[in-house]
Amino acid sequence: MDLPAPFAWLVDEAGASPGPDRFLAELGSRLLADRLPLAGGALTLAVPHPIIARRTWLWRAETGAVIESLGFAGGPPSQAERDWLAGLGPVLADTVGAAPDKPLLAWAGTRGFAPAEVLRLRQATRFAAAPLAVLAERAALSALLEAYLGRRSAARVRAGALTRGTGETIRAALLYADLRNFTALSEATEPAEMIASLDAWFDRVAGAIHAFGGEVLKFIGDGLLAIFPVTGSAAEACEAALRAVAAARAGMAHLDAARQLQGLPPLPFGTALHLGDVLWGNIGAVDRLDFTAVGPAVNLVSRLEGLCRPLGRSVLISGAVAAETSSPLLPLGEHKLRGIAAPCAVFTLADG
C-alpha cells in the first residue's frame, strides 16, 4: 500500500518513539513536510498518578520546541492548551482511538484548514491510534513506577534492572526521619484520622526533601529514608539536606499550629543526617523483589535518629556531614550507636 510519508511513519516507526514529546514533534514535522499549514500541535495523555491527571505536550512549528503542561487530579478541566494553540491559529482537535481516557491530538494552522487538509489531519489521527496506545501505556507505567518507587528506582526498573542482588552504589547525604509516639497515637486515633495525619506528615517532609533536590527512597511505617546524591561536591549535598530539614521543620510547625486549633495533638518527629555510600538495588525472594537501600551508612543514620529522644534533640547530624558544612552546629560529643562498632561524633543545630 502506497501511503503518504507521515502515515507510513505512523505505521512503521512511531511506536518506537522515545516519548510522547518526540512523537508529537516528529509527526508535526512530517505533516509540515507534507505541506500541511501547521503552526503548532498538542498531545494530551491521561496518566494514573496520585497528583497528575493529564500530561500535555505542546509543539511549536516555527522552532520545533516542545514544552509540557500538567493537569492536576481533582482540578477542573483546563483549556490552557487549547488557548495556547488558539494563539497560534485556527484549531482542529480530535480524540484518538477507543480507550476510555482517549488521547487528544490537536493542531493549530497558520490559516484556516481547507476541507482536504482537515481530512488529511483526521486520517493522521486514525493512523496515530496504534502507536499512541503504545506510548500511553508506556507513560502510564512510568507514572505508576515513579509514584511507588521514586524517580531513580523507576528509571532502573524501566531499564530492565530486575536481577536479584544487583544494584548501584550511591554516595549521598542521607536523611532519616521518624514520628514520635506513633504507636500510642495510633491506638488512640481512628484509622482514617491516623492515615490523614500520616499523609500530612509525609507531605511536609517529603515535599521539603524534593524541593531541595533529594529523593525519598522508602516510606518505613511512620518514617522515611531519603538521599541527596552527591552530583557535585559533598558539601552541596549536605547543605541541601540541611535546608530540607529546616523547611520540613517549618512546615510541621505550621501543621501543628493548625492541628492545635482543631483540638488534635502535635506530631513531633526526629531527624538524622549522615553522609556515606548506600547500595541501592534489588533485594528479596526469587519471585518478589524490592528496590531498597542497604549498607553501613543506612544503619548509622537510622541508629543516629534513635538518639534524638534520649538526647532531647529533634535533629542530629553525624560528624561526616558536619565536616562538609559551614552551617553553625552544636557538638554533642561522641556516642555509641547500637550495632555500630565505632562511636559517632554527633552534632545538632543551634535550635535543634
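Considering the convex hull of the alpha carbon atoms of the chain, report its projected area averaged over all viewing directions, in nm², one decimal.
Its average projected convex-hull area is 23.1 nm².
Region 247-352: D in µm²/s via Stokes-Einstein (Kirkwood Rh, Cα pairs, 25 °C, 0.890 mPa s)?
Roughly 156 µm²/s, to the nearest whole number.
With point charges of +1 on the Cβ of Lys and Arg and -1 on the Cβ of Asp and Glu, referenced to the Cα centre of region 238-300, which listed residue (VAL286, MET252, PRO265) lies farthest in the positive direction of the dipole?
Among VAL286, MET252, PRO265, the one farthest towards the positive end of the dipole of region 238-300 is PRO265.
Rounded to two decimals, what is Rg over Rh for region 171-296 when you use alpha-carbon atoms and the Kirkwood radius?
On the Cα set of region 171-296, Rg over Rh gives 1.02.
Hull surface divided by four, with the convex hull built on the Cα atoms of region 77-202: how many nm²?
14.3 nm²
Please build a GNM for the chain, connecting alpha carbons under 10 Å apart, and tell me which residue among ASN282, ASN299, ASN181 fluctuates the most.
So, out of ASN282, ASN299, ASN181, the one fluctuating most is ASN181.
Leaving ligands, DNA and RNA out of it, rank ILE195, ILE209 by accessible area with a 1.4 Å probe, largest first.
My answer, sorted largest first, is ILE195, ILE209.
At ASP290 and ASP277, where each label point lies 7 Å from the Cα along Cα→Cβ, what is the point-to-point distance in nanometres?
2.4 nm
Starting from the Cα of ILE220, step 7 Å along the direction of its Cβ; do the same at THR95; then give the gap between the two resulting points in nm.
4.7 nm
Determine the order of TYR176, TYR148 by accessible area, beginning with the largest, at a probe radius of 1.4 Å.
If we order TYR176, TYR148 from most to least accessible, we get TYR148, TYR176.
Over region 98-200, with every protein chain in place, what whole percent of the accessible area is carbon and sulfur at 1.4 Å, could you tell me?
Carbon and sulfur together cover 57 percent of it.
Which order do HIS335, HIS210 take by accessible area at a 1.4 Å probe, largest first?
Largest accessible area first, the residues go HIS210, HIS335.
Gain in length, LEU32 to ALA258, computed as 0.36 nm per residue apart minus the alpha-carbon separation, to one decimal in nm?
Roughly 75.8 nm would be gained on extension.
Pop the C-beta distance of ALA116 and ARG151 into the FRET formula with R0 = 51 Å and round what comes out to the nearest 0.05.
Once the sixth-power term is evaluated, E becomes 0.65.
Can you give the longest run of the chain that contains no trypsin sites (Lys or Arg not before Pro) sitting in a DSSP loop with at most 10 other Cβ atoms inside 10 Å?
112-337
Against the longest principal axis of the chain, how steep is helix 296-305, in degrees 0 to 90 to the nearest 10, with axes from Cα atoms?
Around 60 degrees separate the two axes.
If I model a spin label at PHE72 and ALA8 as a point 7 Å from the Cα along the Cα→Cβ vector, what separation in nanometres do I get?
4.7 nm
Report, in degrees rounded to the nearest 10, the 0 to 90 angle that the Cα long axis of helix 20-33 makes with the longest principal axis of the chain.
20 degrees
The values are calculated or read from the model by the stated rules, or taken from the named source; none is laboratory data. Bear in mind that the values here come from a model prediction, so they are computed numbers and not experimental data. Note: ideal-geometry Cβ built from the backbone for every residue, glycine included; neighbour counts use all protein chains shown. Remember, those area values only see protein heavy atoms, side chains included, never the ligands or the DNA or RNA. Shrake-Rupley method; radii C 1.70, N 1.55, O 1.52, S 1.80 Å.
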